[in-house]
Amino acid sequence: MDNTIKFAIIGYGRIGKRHAEMVKQNKQSELVAIADIDESLEEEVKENFSVPFYNSIEALLEAYPDIDVVNICTPNGLHAEQALMALSAQHHVVCEKPMALAKADCEAVISKALHESRHVFSVMQNRYSPPSVWLKSVMDQQLLGRIYQVQVNCYWNREEEYYTGSTWKGSLEMDGGPLYTQFSHFIDTMFWLFGDIKDIKARFGKFKEIEGNEFEDTGFIDFEFVDGGVGSFSYSTIIHDKNFESSITIIGENGTIKVGGQYMEKIEYCHVKDYEQPVLQPSNPPNNYGDYKGSAANHMYVIQNVVETINGDSKVTTNALEGLKVVDIIERMYEQRDLESLQTALKNSQSDLLV
């Protein structure tokens, strides 16, 4: 009989609560403890989950040396540091996206995991959505033949309350930007289907001044795939009132496919040579956080994959190297943003000298 896997949650914000609930519902899992720096959450934790609460990861790790898995659900900028702490304490790690805000930090985490013989699970739950599973099958079977062009569009809404209601969202140091926080799932889908990219060119804009937001709200990026074909990734977080679209259009020598909807949850077009479009199971609804919505509510599959992998019944759905590649691609995309900022600063300094 499979062993019960003991989990601890680090970070009890909206996504941490989601993780805690999914662990609680999983029959092969046990939620052991939760940590968050906000001590006012202790009563809610004990009421909802009946587990001990700690105000630091250090205190939790010291109190529970026998846990199997530590779920990192804290601000983006803390993921790598806390993953290293958990790995050093001989625990497996489930890391919410992104794995880190820099490729070098991901490499440090992977090195530590290998040294300690522990798994790192990168949370990319969109891979479990029926359209994503179907697209992966289409690509693996090479039904479209050569890929000519791929276009990904992500147009979402994030109002001022999203930033001002958080201690870290909108911060360049802790958040990193929309490609890390809102759209890394779709970068992952693109990488999962088509592999790495090169020859990146990008334009970014901040068209709406929103209190608490330190980076761009709009971007357009074009590139080539290493394995052939061209691609583009277009996004915005200032769509009026509500999320509009998350879509991927694939043009190949044998046909064209578009998966769209608000969260890439349905087939909108499928015309492929000698192929009949299948009827897919409905996608799960998006994670609902009250004043905004996120990607697919598939975290139950993530937790089940962790349990099965540790018990030797499965393999990691999104491994640490794949988590690193998503960060690497975003980091290379954002090098263009950093270059734009440097050029603007240089131009302004030259103007000041002329005055």
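Could you check segment 225-261 and list, in sequence order, the residues that are buried (at least 21 other Cβ atoms within 10 Å of the Cβ) and within 25 Å of Gly170 (Cβ to Cβ)?
The answer is Phe233, Tyr235, Ser236, Thr237, Ser246.
Conditions (1) more than 23 Å from Asp291 (Cα to Cα); (2) more than 21 Å from the chain's Cα centre (by Cα), marked per residue:
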| site | (1), (2) |
| --- | --- |
| Glu62 | yes, yes |
| Asp66 | yes, yes |
| Leu84 | yes, no |
| Ser132 | yes, no |
| Val150 | yes, no |
| Ser166 | no, no |
| Gly177 | no, no |
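Residues to consider are Asp38, Asp66; find the one that is farther than 22 Å from His115 by Cα and surrounded by fewer than 20 Cβ atoms within 10 Å (Cβ to Cβ).
Asp38
Consider Glu159 against the criteria (1) under 29 Å from Thr309 (Cβ atoms); (2) touching a residue at least 60 places away in the same chain (Cβ under 8 Å): it satisfies all of them except one. Which criterion is unmet?
Failing condition for Glu159: (1).
Would you say Glu107 is over 24 Å from the mean Cα position of the chain (by Cα), modelled with pLDDT of 95 or more, part of a helix (DSSP H, G or I) and not aliphatic (A, V, I, L, M)? Steps first, answer last, please.
Working: over 24 Å from the mean Cα position of the chain (by Cα): no; modelled with pLDDT of 95 or more: yes; part of a helix (DSSP H, G or I): yes; not aliphatic (A, V, I, L, M): yes.
The answer is no for Glu107.
Looking at this structure, is Gly212 surrounded by fewer than 16 Cβ atoms within 10 Å (Cβ to Cβ) and either hydroxyl-bearing (Ser, Thr, Tyr) or on the phi > 0 side of the Ramachandran plot (or both)?
no
Just to be sure I understand, how many residues within segment 263-293 are closer than 30 Å to Thr181 by Cβ and either within 19 Å of the chain's Cα centre (by Cα) or hydrophobic (A, V, I, L, M, F, W, C) (or both)?
The first filter runs over segment 263-293 and keeps only residues closer than 30 Å to Thr181 by Cβ, leaving 263-269, 280-293.
In the following step, the residues that additionally are either within 19 Å of the chain's Cα centre (by Cα) or hydrophobic (A, V, I, L, M, F, W, C) (or both) were identified as 263-265, 267, 280, 283-289, 292-293.
Matching residues across segment 263-293 total 14.
Quick test of your reading of the structure: Leu353 fulfils all but one of (1) modelled with pLDDT under 95; (2) in contact with a Gly (Cβ under 9 Å, 6 or more places away or on another chain). Name the failing condition by number.
With respect to (1) modelled with pLDDT under 95; (2) in contact with a Gly (Cβ under 9 Å, 6 or more places away or on another chain), Leu353 is out only on (2).
What number of residues within segment 110-152 satisfy the criterion of being outside any strand (DSSP E or B) and either in contact with a His (Cβ under 8 Å, 6 or more places away or on another chain) or not charged (D, E, K, R) (or both)? Outline the logic, then answer.
So the first thing to find is which residues in segment 110-152 are outside any strand (DSSP E or B), and the list is 110-119, 123-146.
Among the residues that remain, those that are also either in contact with a His (Cβ under 8 Å, 6 or more places away or on another chain) or not charged (D, E, K, R) (or both) are: 110-111, 113-115, 117-119, 123-126, 128-135, 137-139, 141-145.
Count: 28.
For a quick check of your reading: which strands (runs of 3 or more DSSP E) sit entirely within segment 261-347 and have at least 1 residues that are among the small types (Gly, Ala, Ser)?
Once the strands (runs of 3 or more DSSP E) in segment 261-347 are filtered for at least 1 residues that are among the small types (Gly, Ala, Ser), what remains is 293-296.
Please go through segment 41-50 and give me each residue that is buried (at least 16 other Cβ atoms within 10 Å of the Cβ) and in contact (Cβ under 8 Å) with a residue 24 or more places away in the chain, ordered by number.
Selection gives Leu41, Val45, Phe49.
Return the total of residues in segment 271-289 being touching a helix residue (DSSP H, G or I) at 6+ places or on another chain (Cβ under 9 Å) and surrounded by 14 or more Cβ atoms within 10 Å (Cβ to Cβ).
7
Do we have Phe191 as assigned to a loop (DSSP other than H, G, I, E, B) and touching a residue at least 12 places away in the same chain (Cβ under 8 Å) here?
Taking the combined requirement at face value, the residue does not satisfy it.
Out of the residues in segment 198-250 meeting the condition of being over 20 Å from Val326 (Cβ atoms) and among the aromatic types (Phe, Trp, Tyr), tell me which one is farthest from the chain's Cα centre (by Cα).
Top of the filtered list is Phe207.
Kindly indicate whether Val123 is of a type in the set (Val, Ile, Thr), touching a Cys at 6+ places or on another chain (Cβ under 7 Å) and either surrounded by fewer than 20 Cβ atoms within 10 Å (Cβ to Cβ) or within 23 Å of Ile67 (Cα to Cα) (or both). Show your work before the answer.
On the way: of a type in the set (Val, Ile, Thr): yes; touching a Cys at 6+ places or on another chain (Cβ under 7 Å): yes; either surrounded by fewer than 20 Cβ atoms within 10 Å (Cβ to Cβ) or within 23 Å of Ile67 (Cα to Cα) (or both): yes.
Criteria met by Val123.
Just to check your reading of the model, which residue among Phe207, Phe220 is modelled with pLDDT of 95 or more, assigned to a loop (DSSP other than H, G, I, E, B) and over 22 Å from Ala102 (Cβ atoms)?
It is Phe207.
Would you check if there is a residue in segment 51-60 being out of contact with any Pro (no Cβ under 6 Å at 6 or more places or on another chain), in a helix (DSSP H, G or I) and crowded, with 18+ Cβ neighbours inside 10 Å?
yes
The values are calculated or read from the model by the stated rules, or taken from the named source; none is laboratory data. Quick caveat, the model's predicted, so the values are computed rather than measured. Note: ideal-geometry Cβ built from the backbone for every residue, glycine included; neighbour counts use all protein chains shown.
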